[in-house]
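Here the structure comes first, spelled out in structure tokens, and everything after it is commentary.
The values are calculated or read from the model by the stated rules, or taken from the named source; none is laboratory data. Keep in mind the model is a prediction, meaning the values are calculated, not measured. As a convention, Cβ positions derive from the backbone with ideal geometry for all residues, glycine included, and neighbour counts pool all protein chains shown. Heavy atoms of the whole protein, side chains included, go into the accessibility calculation; ligands, DNA and RNA do not. Shrake-Rupley method; radii C 1.70, N 1.55, O 1.52, S 1.80 Å.
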Amino acid sequence: QIVFHPDDVIFVMRKVRKYLESEPLLIEDITWPIQVVGDLHGQLYDLARIFDEDAVDGKPGWECSKYLFLGDYVDKGRHSFEIVMALFSLKMLYPENIFLLRGNHEFVNVNIRYGLAIELNDRYTNQNTSDDLYFLMNASSAFCPSQPSSETRTSARTGGSARWDSRA
């Protein structure tokens, strides 16, 4: 586990929130090809494997492929915090390659029960720090769109809240 300095987390969450606030709530005009990734649930090694498999000529996947992440980044696995920090950072660095949706586990009423709050409490012994980072992360996640829109005949869903079906 990585224990990020709270100031670094605050910096990333505030920056990504401003970035996400400026984008439309419905992702439009996603061009293909794109890798669709769902339900990471804190499995950092799965995310690393996905990026490694898409590497080209020594460049990591996020530099040479597009990704649509379907949400449910947190809970269940041991590295929810790293997943969120990595995806939010990559979103800001590679906005044309990284698209993030909000799944049902990016809602406080879900992730408070399934592990994110506990994960942060385990990392940060100061309860105020843990609580502040938890709520800031959820506030930033709230600005991720719930679904994409596309002219293509494709359907994609998260495990919970969003559905993308352009055939309708």
Legend entry - Selection count where residues are part of a helix (DSSP H, G or I) and not hydroxyl-bearing (S, T, Y), scope the range 27-47: 3
Inset, instruction - Go through the range 45-85 and give me each residue that's of a type in the set (G, A, S), modelled with pLDDT of 90 or more and either open to solvent by 10 Å² or more (accessible area, probe 1.4 Å) or closer than 24 Å to M137 by Cα (or both). - result: A48, A55, G58, S65, S80
Legend entry - From the options I50, I2, residue that is part of a helix (DSSP H, G or I) and either of a type outside the set (A, V, I, L, M) or farther than 20 Å from Q147 by Cβ (or both): I50
Inset, instruction - Restrict the check to the range 58-75 and report whether at least one residue is of a type outside the set (D, E, K, R) and closer than 18 Å to R123 by Cβ. - result: yes
Inset, instruction - Could you run through the range 70-107 and say how many residues are without any contact (Cβ under 8 Å) to a residue 60 or more places away in the chain, in contact with a Lys or Arg (Cβ under 9 Å, 6 or more places away or on another chain) and under 15 Å from L44 (Cβ atoms)? - result: 1
Legend entry - Single residue of the range 22-44 satisfying the filter (exposed (fewer than 11 other Cβ atoms within 10 Å of the Cβ) and in contact (Cβ under 8 Å) with a residue 24 or more places away in the chain) that is nearest to N104 (Cα to Cα): P24
Inset, instruction - Give the residue that is least open to solvent (accessible area, probe 1.4 Å), with candidates limited to residues of the range 96-149 that are part of a loop (DSSP other than H, G, I, E, B) and aromatic (F, W, Y). - result: Y124
